[in-house]
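Just below is one structure, and these are the notes that go with it.
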Amino acid sequence: MEFRGMMEKNYREILIQYLKDQSEQSLYQGQLFSRNSIEEKISPEEIVSLHKSLLLELYPDVPESVVHSFDILLEVMIGYGLAYREHQSLRNKQIELRTEMEIAANVQQTLLGTSIPEVEGLDIGAISVPAKHMNGDYFHFVEDENHCLNVAIADVIGKGIPAALCMSMIKYAMDSLPENRHEPHMVLENLNRVVEQNVDPSMFITMFYGMYNPSNTTFYYSSAGHEPGFYYDAKKEEFSELPVKGLLLGIEKKTKYEQFEKLIFPGDMIVLMSDGVTESRTEEGFLEKEELIGYIRKYLHLSAQEIVNNIFKDLEKLQDFQLRDDFTLIIIRRNV
């Protein structure tokens, strides 16, 4: 017999037993009946209607006012049932969407994941944490055939799936570049043409690209509108901004990017970041660069990876563990 066919019989037994003894066991049977009804998609108004008909059958002399009260309850349950079913439908869709987002985030991590290389003479630390499921930041390390360390950090001005798709495109565009990566300004010019032809004009991408040459201990770099990094002079114990300028990727197809260079001495550091670091919120507003430098100084005695990890923890706590933007921080320190 189908559930609806057994429904009246089961509910009759539960109701009669409860009216007889008001026991906890009868209430528990009512809970089971409710669960089964939900699984079988029995609406609340059907159960109210069933209760009313059984009550009239068991107590024919029930006051007319009580009978009429079930009519208003029935109308209430009709509205409630419609709202409940709509809520359940939206909830199921939300669960499906969350599952898809988690899968997409895992796929993105696989596609964009990069390992931090072990380069003789360098101590490297990096951390990148998305504000939501998908990361609009991207960083990448490449140690080329001449043992030069190439580093890229990019940021899509936007969040979510569109930003993540842009980052995937950037990653594969970089993978398709010629092996000769010694000219950061040329890397940006090549990527700029790719972005200009393939990315919607409403999406803006910034990128910093640098290359450390161990043969002359010089760091060469160019920027496409990206957040300026810091240089730490260990001898003077001073921080200064890396001088950079350049148009965002994809704005103008024939854009040329200026290349800069910096001689790196033992103990010196290059600090690169996305704007999710400098735009961390404090009670007074955005994090000032001097405040960020203060956090770096606090952990100078640690390894590069420990420095970035601790700074992230401090800034995450500062924002009540609610990141407002994707957070990426990279430190490259020369040891010898």
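Where a number appears in this text, it was derived from the coordinates with a stated rule and is not lab data. For clarity, every value in this text was computed on a predicted model and none was experimentally measured. Counting neighbours? That spans all protein chains shown, and the Cβs are built from the backbone with ideal geometry, glycine included.
General observations
- In the chain, the calculated helix contribution to ellipticity at 222 nm averages -16000 deg cm²/dmol per residue, counting -39,500 (n - 2.57) for every DSSP H run with n ≥ 4.
- Its relative contact order, with pairs defined as Cα atoms under 8 Å and 6+ residues apart, puts the chain at 17 percent.
- Of the GluC sites (Glu not before Pro) found in segment 236-324, those in coil by DSSP whose Cβ has at most 16 other Cβ atoms within 10 Å are Glu237, Glu252, Glu258, Glu279, Glu283, Glu284, Glu288.
- Under a model in which nothing but the beta-carbon of Lys, Arg (+1) and Asp, Glu (-1) is charged, the chain shows a dipole of about 280 debye around its Cα centre.
- Residues Arg85, Arg193, Arg333 in ascending order of nearby Cβ atoms (within 10 Å, fewest first): Arg85, Arg193, Arg333.
- Look at where the Cα atoms of segment 308-335 and of segment 255-307 average out, and the two centres are 10 Å apart.
- Cross-link table Lys171/Lys317; Lys253/Lys313; Lys235/Lys317; Lys235/Lys256; Lys236/Lys289; Lys171/Lys236, entries beyond 29 Å C-alpha to C-alpha: Lys171/Lys317; Lys253/Lys313; Lys235/Lys317; Lys235/Lys256; Lys171/Lys236
- Counting only residues at least eight positions apart within a chain, or on another chain, the lysines with an alpha carbon under 17 Å from that of Lys9 are Lys20, Lys52.
- Nearest-0.05 FRET efficiency for Leu97 and Thr218, computed from C-beta distance (R0 45 Å): 0.40
- Against the chain, whose longest principal axis is taken from its Cα atoms, helix 289-298 shows a tilt of about 90°.
- Qualifying trypsin sites (Lys or Arg not before Pro) in segment 194-275, DSSP loop, other Cβ atoms within 10 Å at most 10: Lys235, Lys236, Lys254
- The modelled label-to-label distance between Glu75 and Ile38, using points 7 Å beyond Cα along the C-beta direction, is 2.8 nm.
- Separation in nanometres of the label points that stand 7 Å from Cα toward Cβ, at Arg12 and Glu118: 7.9 nm
- Among Cys148, Cys166, the order by Cβ neighbours within 10 angstrom, fewest to most, reads Cys148, Cys166.
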